[in-house]
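Chemist: Have a look at the structure that comes next, please.
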């Protein structure tokens, strides 16, 4: 079990230095998405990234995952430069992206097969069904599952590879409010039990405060780090706690300066 102050044995230290990323346009200058970003994610901590829509939060996750190259700067994991995808970094998207022709068992086992370690590690797969609360659904197909259950399966498919870093790109954005709050607790339980460094992109300020130990607020594009806030509220957290509400108001005020006033309802 880990908390915000502990270093997990199987967690990774991510360091980001002077990162820059732009995308070409058909006409005109390139669009600069990330500009000279410096960040450090400590081993075993839970960090949330928030900021105006389109500011580059998801792009940053994809660069950490090795799916998108940066223009300049570098990212390291435990001192080694990140330049390509790797199983030590697991990325979960808003859409569960399960293979519809595979059973849930086959979906979760896919990572082990890709790594060529299925025979050696297949005995561990039932533990991941238990971890995400899907025991009994091994033979089901994705279309048999609710949205929340499908997202649990996507989490298990990533976790079975024992990543040092778990990257979550708005994984709960498509869920209804009740399922979303339940999944927040499930993800926190998994984080405590597995101990990996976790970085989550979200547009929901309440979700960021409820889940993270630190919140990185990014500016509008080209994104810079507006501020980093340490969430000094004990766990489990109550959404109606005065300290929770005060921090919420503070972050919304920062977002007003980081983005545009008319966009604030998107964070509520």
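Chemist: Which numbered condition trips up residue 192, out of (1) more than 21 Å from residue 68 (Cα to Cα); (2) outside the structural domain of residue 110 (by TED's automatic domain parsing); (3) in contact with a helix residue (DSSP H, G or I) (Cβ under 9 Å, 6 or more places away or on another chain)?
Modeler: (3)
Chemist: Still on this structure: Of all the strands (runs of 3 or more DSSP E) wholly in the stretch 29-100, which have at least 3 residues that are closer than 23 Å to residue 153 by Cα?
Modeler: 46-50, 89-92
One line per residue, one yes/no per condition, for (1) assigned to a helix (DSSP H, G or I); (2) modelled with pLDDT of 95 or more; (3) touching a helix residue (DSSP H, G or I) at 6+ places or on another chain (Cβ under 6 Å):
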{"position": "137", "(1), (2), (3)": "no, yes, yes"}
{"position": "148", "(1), (2), (3)": "yes, no, yes"}
{"position": "168", "(1), (2), (3)": "no, yes, no"}
{"position": "182", "(1), (2), (3)": "yes, no, no"}
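Chemist: If a residue has to be surrounded by 20 or more Cβ atoms within 10 Å (Cβ to Cβ) and within 24 Å of residue 189 (Cβ to Cβ) to count, how many in the stretch 214-228 make the cut?
Modeler: Number satisfying all stated conditions: 2.
Chemist: Another question about this same structure. What do you reckon, is residue 37 more than 30 Å from residue 233 (Cβ to Cβ) and modelled with pLDDT of 90 or more?
Modeler: Criteria not met by residue 37.
Chemist: Let me ask something additional. Can you tell me which residue among 199, 217 is under 27 Å from residue 114 (Cα atoms), assigned to a strand (DSSP E or B) and within 16 Å of the chain's Cα centre (by Cα)?
Modeler: Checking each option against the conditions leaves just 199.
Chemist: Could you list, in sequence order, the residues of the stretch 200-227 that are without any contact (Cβ under 8 Å) to a residue 60 or more places away in the chain and more than 22 Å from residue 155 (Cβ to Cβ)?
Modeler: Of everything in the stretch 200-227, just one residue is without any contact (Cβ under 8 Å) to a residue 60 or more places away in the chain and more than 22 Å from residue 155 (Cβ to Cβ), namely 227.
Chemist: Only one of these is touching a strand residue (DSSP E or B) at 6+ places or on another chain (Cβ under 8 Å) and under 20 Å from residue 96 (Cα atoms): 187, 229. Name it.
Modeler: That would be 187, the only listed residue that is touching a strand residue (DSSP E or B) at 6+ places or on another chain (Cβ under 8 Å) and under 20 Å from residue 96 (Cα atoms).
Chemist: Would you check which residues across the stretch 248-266 are touching a strand residue (DSSP E or B) at 6+ places or on another chain (Cβ under 7 Å) and either within 26 Å of residue 189 (Cβ to Cβ) or at pLDDT below 85 (or both) and list them?
Modeler: Listed by number, the residues that qualify are 251, 258.
Chemist: Does residue 130 satisfy the condition of being out of contact with any helix residue (DSSP H, G or I) (no Cβ under 8 Å at 6 or more places or on another chain), free of Cβ contacts under 8 Å to residues at least 12 places away in the same chain and more than 24 Å from residue 197 (Cβ to Cβ)?
Modeler: For residue 130, the condition - out of contact with any helix residue (DSSP H, G or I) (no Cβ under 8 Å at 6 or more places or on another chain), free of Cβ contacts under 8 Å to residues at least 12 places away in the same chain and more than 24 Å from residue 197 (Cβ to Cβ) - is not met.
Chemist: Got a sec? Which of 67, 49, 77, 60 is surrounded by fewer than 17 Cβ atoms within 10 Å (Cβ to Cβ) and within 19 Å of the chain's Cα centre (by Cα)?
Modeler: Testing whether each residue is surrounded by fewer than 17 Cβ atoms within 10 Å (Cβ to Cβ) and within 19 Å of the chain's Cα centre (by Cα) leaves just 67.
Chemist: Identify the residue in the stretch 80-98 that is closer than 22 Å to residue 23 by Cα and under 11 Å from the mean Cα position of the chain (by Cα) and, among all such residues, is modelled with the highest pLDDT.
Modeler: The extreme case among them is 91.
The values are calculated or read from the model by the stated rules, or taken from the named source; none is laboratory data. These numbers come from a predicted model, not from an experiment. All Cβ positions, glycine included, derive from the backbone under ideal geometry; neighbour counts span all protein chains shown.
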